[in-house]
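Enquirer: Would you mind keeping the following structure in view while I ask a few things?
The values are calculated or read from the model by the stated rules, or taken from the named source; none is laboratory data. These numbers were taken from a predicted model, which means no experiment stands behind them. Cβ coordinates were reconstructed from backbone atoms using ideal geometry, including for glycine residues, and neighbour counts include every protein chain displayed. Just so you know, the surface numbers come from the protein's heavy atoms only, side chains and all, with ligands and any DNA or RNA stripped out. Shrake-Rupley method; radii C 1.70, N 1.55, O 1.52, S 1.80 Å.
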Amino acid sequence: MDWQITECPLPDGAPVPMQQHPFYGRACTAMGSRVITLCTGPPEDPLARAQVLLRRWPLFGDFALLARGPAWAPGTSLATMRQGTEALARHLRRDCRGVMATCEPVEGVDPLAGAGLLPMVTPGGQARLALSAPDDMLARQHGKWRNRLRRAQDGPLRVDHAPLPDVADHWLLLREEAQSRRRGYRRLPIRFTQAWRHVNGPRATRLFTARYGKTPVAAMLFLLHGKSASYHIGWSDELGRQCHAHSLLLWQAACWLQARGYAWLDLGTLDTETTPGLARFKLGSGARPFQIGTTCLDAPGARALARLCGHGPVITRPTTSTPARPLEHL
């Protein structure tokens, strides 16, 4: 299966994770990163598309980073995905010293499983909310979560929403940055949010704000990409937490997205050990847990080490020579 570096559209018919959407590539490029797009199949109707970040590591050279890709056309078999993902890793290794890849599971199976690459990071849990009819989404909510939502709907808060304004010092960005420093969680920098808004336009963002009178007490920002969306950042003060503002914001955001044809909303990492309350909030909303694949490394010596450790067969490499972002705090 041949991969070519070329601009091509996403395969039709399915939403993709943020990291594989062109909007993400544009934002990273605007921040100074190198991004390439590879396709297999006809350029006008590709079988798969992969968005890859290139980073230069001191003393090593270029490394290719493939996050939650490739994006495959609906109906592609698992065998084809596995073959194609292995071929993509081989292709990238022709020009890069190493490849680090994390794939989306297909039917519960990691396409890189048994590929002979060296596992580096174990699979991580994620939460994804399917966006369907409001009655169906309500039915999937846990009882306590639904009760908190009803109390929030009957409470004093009012919600408004709009695209994120194109200003560097927006109050939510500043408050969330201060919140992250205080709580010590990892996050993408403000400049990523600003770059996303600037290069992709206002309609690639949606900011939902809960207010008590005219005063904001909670907010959630979503990044929109194709047929899916991702929760990005949020903030709440004490009154917002007492009034269950984030339940109200998430519900209204889900209904707004569903009415406009979005298929699902990524709520990010599920960590039941470090942040069990946050994990319960996400699952209580009706989101389903799923695992992204193991983060694997293909670099000089990695396949031999993988074989010694019993991590599947080694892929036969072509004979050509080889040149030397918590965001979640609802």
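Enquirer: Kindly check whether there is at least one residue in region 271-279 that is open to solvent by 20 Å² or more (accessible area, probe 1.4 Å), acidic (Asp, Glu) and modelled with pLDDT under 95.
Expert: Checked region 271-279: at least one residue is open to solvent by 20 Å² or more (accessible area, probe 1.4 Å), acidic (Asp, Glu) and modelled with pLDDT under 95.
Enquirer: Same structure, new question: Filter region 77-112 down to the residues that are assigned to a loop (DSSP other than H, G, I, E, B), surrounded by fewer than 20 Cβ atoms within 10 Å (Cβ to Cβ) and in contact with a helix residue (DSSP H, G or I) (Cβ under 8 Å, 6 or more places away or on another chain) and list them by number.
Expert: Of everything in region 77-112, just one residue is assigned to a loop (DSSP other than H, G, I, E, B), surrounded by fewer than 20 Cβ atoms within 10 Å (Cβ to Cβ) and in contact with a helix residue (DSSP H, G or I) (Cβ under 8 Å, 6 or more places away or on another chain), namely Glu107.
Enquirer: With the structure loaded, tell me whether Met120 is in a strand (DSSP E or B), farther than 28 Å from His198 by Cβ and hydrophobic (A, V, I, L, M, F, W, C) or whether it fails that test.
Expert: Yes; evaluated as a whole, the condition is true for this residue.
Enquirer: Condition test on Ala139, is it crowded, with 21+ Cβ neighbours inside 10 Å and closer than 26 Å to Tyr262 by Cβ?
Expert: The answer is no for Ala139.
Enquirer: Limited to region 1-32, what total is found for residues that are out of contact with any Phe, Trp or Tyr (no Cβ under 9 Å at 6 or more places or on another chain), open to solvent by less than 60 Å² (accessible area, probe 1.4 Å) and under 26 Å from Trp264 (Cβ atoms)?
Expert: The total comes to 9.
Enquirer: Could you tell me which of the residues Arg49, Arg90 is more than 18 Å from Cys8 (Cβ to Cβ) and charged (D, E, K, R)?
Expert: On inspection, the qualifying residue turns out to be Arg90.
Enquirer: For region 156-169: of the residues being outside any strand (DSSP E or B) and open to solvent by 20 Å² or more (accessible area, probe 1.4 Å), which is nearest to Gln242 (Cα to Cα)?
Expert: Only one residue fits best here, namely Pro156.
Enquirer: Here's a follow-up. Looking only at region 80-106, count how many residues are over 16 Å from Leu118 (Cα atoms) and among the acidic types (Asp, Glu).
Expert: Adding up the residues that qualify gives 2.
Enquirer: Whether any residue in region 62-76 is of a type outside the set (Lys, Arg), open to solvent by 30 Å² or more (accessible area, probe 1.4 Å), under 17 Å from Leu117 (Cβ atoms) and under 18 Å from the mean Cα position of the chain (by Cα) is what I want to check.
Expert: Yes.
Enquirer: Can I ask one more? If Ser247 passes every condition in (1) open to solvent by 10 Å² or more (accessible area, probe 1.4 Å); (2) over 16 Å from Ala162 (Cβ atoms); (3) of a type in the set (S, T, N, Q); (4) out of contact with any Pro (no Cβ under 7 Å at 6 or more places or on another chain) but one, which one does it miss?
Expert: Only one criterion in (1) open to solvent by 10 Å² or more (accessible area, probe 1.4 Å); (2) over 16 Å from Ala162 (Cβ atoms); (3) of a type in the set (S, T, N, Q); (4) out of contact with any Pro (no Cβ under 7 Å at 6 or more places or on another chain) is unmet by Ser247, namely (1).
Enquirer: Across region 170-196, which residue is surrounded by the most Cβ atoms within 10 Å (Cβ to Cβ) among those that are among the aromatic types (Phe, Trp, Tyr) and at pLDDT 85 or above?
Expert: Step by step, filter region 170-196, then rank; the result is Trp196.
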